[in-house]
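Any read-out appearing in this document is the output of simple, stated calculations on the displayed coordinates, not a laboratory observation. Quick caveat: nothing in here was measured; it's all calculated off a predicted structure. Note that each Cβ is placed from the backbone with ideal geometry, even for glycine, and that neighbours are counted across all protein chains shown.
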Amino acid sequence: MRYLFKTDYRQDITLWRHRGDLFWYGLLIVVLLLIPYVLSEFYIGELGGVFVFAVAGVGMMLLAGYTGLISLGNAAFLGIGAYTEAILLAHGVPLVVTLPVAGLFTGLFGILIGLPTLRMSGLYLAIATLAFGSIVGTVFQKWDAVTGGFDGFPVPTPDLFGMPVQGANGIYYLSLFVLVVVLWLSANLLRTPLGRAMVAIRDSEISAQSMGIHLARYKTFAFAVSAFITGLAGALFAHYVRYLAPDAFDVLLSVQFVTIVFVGGLGSLHGVIFGALFVRLLPQFIAIIRDDLPFGIGRMPGLEPSLFGFVLVIVILFEPGGIYGRWIKMKNWFQAYPLKRRTSFRRQKSYARSERLR
Amino acid sequence: MSLFRADDIAIRFGGIRAVDAVSFDVNEGEVFSIIGPNGAGKTTIFNLISRIYQPSSGRLYFQDRDITEIPAYRIAGLGIARTFQNIELFANATLLQNLLIGRHCHSTVGVLSQLVFLPAVRREELQHREKAEEVIAFLGLERYRDTLIANLPYGVRKVVELGRALCIEPKLLLLDEPSSGLNVEETEGMGFWIEDIKKDLGITVIMVEHDMNLVRMVSDRVMALNYGKVIALGTPDEVQNHPEVVRAYIGGEG
Amino acid sequence: MEDAARLLQLVVNGAAAGCIYGLIALGFVLIYKATEMINFAQGDIMMLGGFFAFSLIAHFGLNYWIGALLAILLTAAFGFALDAVVLRRVIGQPQFAVVMLTLGLGFIFRAYAGITWGYDSVGFETPFTNRTINLHGLILGQDNVSIIVGTVLLCGVLYLFFSHTRLGVAMQASSQNQLAAYYMGIPVRTVFSLIWAISAGVAAVAGILLSPVSMIDVNMGFLGIKAFAAAVLGGFGSIPGALVGGVVIGIVEQLAGYFLPAGFQEVTSNVVLLATLILRPQGLFAEIAGKRV
Ligand SMILES: Nc1ncnc2c1ncn2[C@@H]1O[C@H](COP(=O)(O)OP(=O)(O)OP(=O)(O)O)[C@@H](O)[C@H]1O
Ligand SMILES: [Mg+2]
């Protein structure tokens, strides 16, 4: 077991705990940069998809995992980002402009939905965002003058500094870049007063207020940031799918984003990556084993969503810490091996906290 | 030299007059206790001061400034901190993070500089950290620094909540039943801390408390409430022997 | 005259659809009042109820009334088991977890129904199918009328149950104050499971009443989203509110479909929902309050 001796307050605010961490993160980046030279195009494409979903997952994590605000409408943000990107590119705006604009424009929608929902408690918020999501989805379908309706909308190939960003590799590097930037910004956020205010709101609004935290301001901020990041993911998504269909941005997609944060582990950025890997690779895995499954289960049309549902149920019932939580526990177990403590595997008992006034 | 003054404040919930025409002032540097049977309206007074409830009549003054219309989130910035009767900590954060959230009202850096973590942000973070460490040392919480609140025993959480309030560097500290749920020794420890807070840190304290030993140990003055009304105000001994107070406690409903 | 009749027809159809929303919403409200959870799978439970009835009536050839009754009981038992086996475990976890849990359950129910009954719409013969009533020239489908009448009857039964039976009163007590009810010797956990059973049973009634109008299929549970609008409009704590909310939503939706351009009907309920939450979050029948410290 590695003991960490702290000798300086600065150690707690750097992004890595010791040099080892820095080394591993660096190595990971190098490997990720080299991967396209090793793997086949198919896997590069899949990994690109994982990055896109991871970006959207970060947006969801900041909102749900850190601020405790439930959103079942983030697919709408993704859609707004995607259409903004595609439409701007079709008008000849360069990528370096469209990408941030897609994020910022979606961020405005985040404020739009954030403001009226400030006074709502968790459950109302879930319902309100669900409604928002389905309204936006209907608009995508019916407003064909702008979105092309069910004919779809082809996404132009963007140029970056004169080079076309295309193919699996192009999307891969672009998404990786955006993911790293977004993770860096979020990690910064989480070690500053902003992030702590979000956590405070999540855990107790009443005392957050008494600590001087302006609830409305920070909740709106959380929505804006979440929408901004999801909008960026939407722009990437547009390039990833290359053809926008209006019914892609439905409730199921929103549920997938929530699954990312739940399965990965609420309240951790590492969890987002695990969750995105899971959510993107599960369908692939099913596709591979589809024909080997008994009783024709593999050809069942609802297989994928039901598996998502099933995994969600299992995770919530048995491992609320998600994959990342399980990983930490296993790591501790191995490090402490002969001295394993049963208690570290036992669930913390929590009691019903009523939000109601009696 | 009154630091805080409540002038004829009242609030009702449905038919209940939870606080009814209550007036008092608290002098700078004193420990002012509020006692009274369950449901007397003690916590409600705290909620009125910290602006969670809006009084239906009356005014509140802090440092001669009318704070009756000020929103709840600005109260900490003025220098009023509080604890809660049933502990309202940030349960899924570490002790240190909880204390740092207490520093929120002292942060001055802008959103964008936080997002890119400018050197100014780093500098300010270190200052907050130093203050939090001071509080940790003051309350002897070193060994729990990186523990999640959810994993701390109840008694320690009570102390953490006190610590979080101290991180605000308040001029006025509101303690809602600081000893509830603590054993005799812990309660005594709490008493010493309250004395230190008053003497060493120079913070004025309003305390709601049921434990009369603790009240007598630390209070300069005591106010007794019943059914939202003040029934006695004076030194601890005066109030404890006041016939109305005796009747409120023994007679219960009478 | 022509127009007035047309309008009346729309209102009746809307009211019928609204009764269905109201019944689903009623399930939300019962569960919410008792356990502070929202069951996002309520619509899918309605779907299951419909399919149970389909199996019993169309497959096993039971009489409509007997089949319907059995299906309702079966769905209620399912609701009871769902709470006793799954949902009881998440009491005390954040509400977010409950939302996702019930959403996940909804996906599972849909897949289960898909495997068992297939993905095509099915229906069964009811006494109300394809029949009409002629009221002084106003022609109404018996299916729609049966929904309205059935809802009114069911509400009467529920009202009597909650106000006049020991169990009903115990349920009300447990919903208002768990701890006090517990100390009075009410087995609160079982009572909660029974509340889930009633909600599921009510959902099954909705599914069965709806079947002559719109058939039964795997995705009919998405009506649940519209029922949220009903519940929110009604104040999410009030049972009459849920029904009134449902009827209002149903009628507004029909009128929007008739008077507004295509596409507006789909978003009506959601727009009403958001507007309610923004303008009058306590709903028409307020029963909401903040947290107390
Ligand atoms: N938000 C509220 N809504 C309705 N009634 C309330 C509310 N807050 C307090 N009350 C009522 O006001 C009265 C005073 O409550 P309060 O919490 O101030 O009592 P207290 O003196 O702190 O009692 P305890 O010693 O039990 O903490 C009680 O009758 C209580 O039920
Ligand atoms: Mg109290």
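Using only atoms on other chains, find how many Cβ atoms lie within 10 Å of each Cβ of peptide B:95-107 and report the average.
On the way: counts 0, 1, 7, 6, 0, 6, 12, 6, 4, 11, 4, 2, 6.
Partner-chain Cβ atoms within 10 Å, mean over residues of B:95-107: 5.
Please work out how much length the chain gains when fully extended from residue B:17 to residue B:154, using 0.36 nm per residue of separation minus the C-alpha to C-alpha distance, in nm with one decimal. Working shown, then result.
Numbers: separation 137, 0.36 × 137 = 49.32 nm, distance 3.24 nm.
Using 0.36 nm per residue and subtracting the Cα-Cα distance, I get 46.1 nm.
Could you give the length gained by full extension between residue C:278 and residue C:122, i.e. 0.36 nm per residue of separation minus their alpha carbon distance, to one decimal place?
Numbers: separation 156, 0.36 × 156 = 56.16 nm, distance 3.91 nm.
The residue C:278-residue C:122 span can extend by a further 52.3 nm.
What chymotrypsin sites (Phe, Trp or Tyr not before Pro) does the stretch C:28-116 have in DSSP loop regions with at most 12 other beta carbons within 10 Å?
Working: sites: C:28, C:32, C:40, C:51, C:52, C:54, C:60, C:64, C:65, C:78, C:80, C:96, C:107, C:109, C:112; in loops: C:40, C:60.
In loop regions of the stretch C:28-116 (DSSP not H, G, I, E or B), the sparsely surrounded chymotrypsin sites (Phe, Trp or Tyr not before Pro) are C:60.
What does the charge add up to near residue A:95, with Lys and Arg as +1, Asp and Glu as -1, over the other residues with Cβ less than 14 Å from its Cβ? The partial results should precede the final answer.
On the way: positive: none; negative: A:85, A:159.
Cβ neighbours under 14 Å give a net charge of -2.
For residue B:137 and residue C:177, what does the FRET efficiency come to when R0 = 41 Å and r is the distance between their Cβ atoms, rounded to the nearest 0.05? Please list the in-between numbers first.
Working: r = 44 Å, r/R0 = 1.07.
Efficiency at R0 = 41 Å is approximately 0.40.
When Lys and Arg each count +1 and Asp and Glu each count -1, what net charge do the other residues less than 13 Å away from residue A:239, Cβ to Cβ, add up to? Don't skip to the end; give the middle numbers.
Numbers: positive: A:242; negative: A:85, A:159.
For residues surrounding residue A:239, the net value is -1.
Taking R0 as 41 Å, what FRET efficiency do you get between residue A:119 and residue B:241 from their Cβ-Cβ distance, rounded to the nearest 0.05? Mind showing how you got there, number by number?
On the way: r = 48 Å, r/R0 = 1.16.
After rounding to 0.05, the efficiency reads 0.30.
Out of the chymotrypsin sites (Phe, Trp or Tyr not before Pro) in the stretch A:158-231, which ones are loop residues according to DSSP with at most 10 other C-beta atoms within 10 Å? Walk me through the numbers before you get to the answer.
On the way: sites: A:161, A:172, A:173, A:177, A:184, A:218, A:221, A:223, A:228; in loops: A:161.
Within the stretch A:158-231, the qualifying chymotrypsin sites (Phe, Trp or Tyr not before Pro) (loop, at most 10 other Cβ atoms within 10 Å) are A:161.
Once label points are set 7 Å from the Cα along Cα→Cβ at both residue C:63 and residue C:260, what is their separation, rounded to one decimal in nm?
About 4.6 nm separates the two model spin labels.
So how strong a dipole does the stretch B:125-254 carry about its Cα centre when Lys and Arg Cβ are +1 and Asp and Glu Cβ are -1, to the nearest 20 debye? Please list the in-between numbers first.
Numbers: 14 positive and 23 negative charges, 50 e Å.
About 240 debye.
In percent, what relative contact order does chain B have, based on Cα pairs under 8 Å that are 6 or more apart in sequence? Could you put the intermediate results ahead of the total?
Working: 446 pairs, mean separation 70.8, N = 254.
Answer for chain B is 28 percent.
Quick check for me: using +1 on Lys/Arg Cβ and -1 on Asp/Glu Cβ, what's the dipole size of chain B about its Cα centre, in debye to the nearest 20? Working shown, then result.
Numbers: 26 positive and 34 negative charges, 152 e Å.
In total the dipole reaches around 720 debye.
For the cross-link pairs B:42/B:199; B:131/B:171; B:171/B:198; B:158/B:229, which exceed 20 Å when the distance is taken from alpha carbon to alpha carbon?
B:42/B:199; B:158/B:229
Under the definition of partner shielding as Cβ atoms of other protein chains within 10 Å of a residue Cβ, what is the mean value for peptide A:254-263? Intermediate results must be reported in sequence, preceding the final value.
Numbers: counts 1, 6, 0, 0, 5, 3, 0, 2, 5, 0.
That works out to 2 on average.
If you restrict to DSSP beta bridges whose two residues both lie in chain B, what percentage is antiparallel, to the nearest 5? List each step's numbers first, then the result.
Working: 21 of 37 bridges.
So the antiparallel bridges in chain B amount to around 55 percent.
Give me a single rounded figure for A:117-126: the average over its residues of other chain Cβ atoms within 10 Å of their Cβ. List each step's numbers first, then the result.
Details: counts 4, 0, 4, 3, 6, 7, 12, 8, 4, 9.
The per-residue average across the peptide is 6.
For the protein assembly as shown, build the charge dipole from Cβ charges (+1 Lys, Arg; -1 Asp, Glu) around the Cα centre, then report which of B:153, A:140, C:164 sits farthest towards its positive end.
Checked the options; the winner is B:153.
Could you compute the longest span of chain B free of GluC sites (Glu not before Pro) located in DSSP loops and having at most 12 other Cβ atoms within 10 Å, not counting the site residues?
Values: sites that count: B:69, B:253.
So the longest stretch without any such site is B:70-252.
Calculate, for residue A:180 and residue B:70, the FRET efficiency according to 1/(1 + (r/R0)^6) with r their C-beta to C-beta distance and R0 56 Å; round to the nearest 0.05. Present the calculation step by step, with values, prior to reporting the outcome.
Details: r = 43 Å, r/R0 = 0.77.
Between residue A:180 and residue B:70 the formula returns 0.85.
How far, in degrees from 0 to 90, does helix B:184-199 lean away from the longest principal axis of the Cα atoms of chain B, to the nearest 10?
For B:184-199 against chain B, the angle is about 80 degrees.
If you take every residue apart from residue A:157 with its C-beta less than 15 Å away from the C-beta of residue A:157, what net charge results, scoring Lys and Arg +1 and Asp and Glu -1?
On the way: positive: A:242; negative: A:85, A:159.
Once positives and negatives cancel, what remains is -1.
Please sort through the DSSP H helices of chain C and keep those with an alpha-carbon extent of at least 24 Å along the long axis and a Kyte-Doolittle average not below 0.5. Before the final figure, lay out each step's value.
Details: long enough: C:2-35 (49 Å, 1.16); C:64-85 (31 Å, 1.88); C:95-117 (32 Å, 1.38); C:142-164 (32 Å, 1.35); C:188-214 (38 Å, 1.70); C:239-259 (30 Å, 1.54).
Sorted by number, the helices that extend far enough and score high enough are C:2-35, C:64-85, C:95-117, C:142-164, C:188-214, C:239-259.
Summing -39500 (n - 2.57) over the DSSP H runs of n ≥ 4 in the protein assembly as shown and dividing by its residue number, what mean residue ellipticity at 222 nm do you reach, to the nearest 500 deg cm²/dmol?
Details: 35 runs with 535 residues, N = 905.
It lands at -19500 deg cm²/dmol.
Run the numbers on the stretch C:169-267 and let me know its relative contact order in percent, using alpha-carbon pairs under 8 Å that are six or more apart.
Numbers: 56 pairs, mean separation 12.0, N = 99.
Value for the stretch C:169-267: 12 percent.
In chain C, once you exclude exposed GluC sites (Glu not before Pro) (DSSP loop, at most 15 other Cβ within 10 angstrom), what's the longest stretch remaining? List each step's numbers first, then the result.
On the way: sites that count: C:125, C:287.
Within chain C, the longest run free of exposed GluC sites (Glu not before Pro) spans C:126-286.
With +1 on each Lys and Arg Cβ and -1 on each Asp and Glu Cβ, how big is the dipole of the protein assembly as shown about its Cα centre, in debye rounded to the nearest 20?
Numbers: 66 positive and 64 negative charges, 271 e Å.
Roughly 1300 debye for the protein assembly as shown.
Could you state the number of Å between the C-alpha centres of the stretch A:134-178 and the stretch A:183-220?
Each part reduced to its Cα centre gives a spacing of 33 Å.
For the residue pair residue A:247 and residue B:210, what label-to-label distance in nm results when each label sits 7 Å from Cα along the Cα-to-beta-carbon direction?
Taking the two extended label points, one gets 6.1 nm.
Tell me which of C:147, C:129, C:205 sits at the most positive position along the dipole axis of the stretch C:126-281, charges placed on C-beta atoms (Lys, Arg +1; Asp, Glu -1).
The one lying farthest along the dipole's positive direction is C:205.
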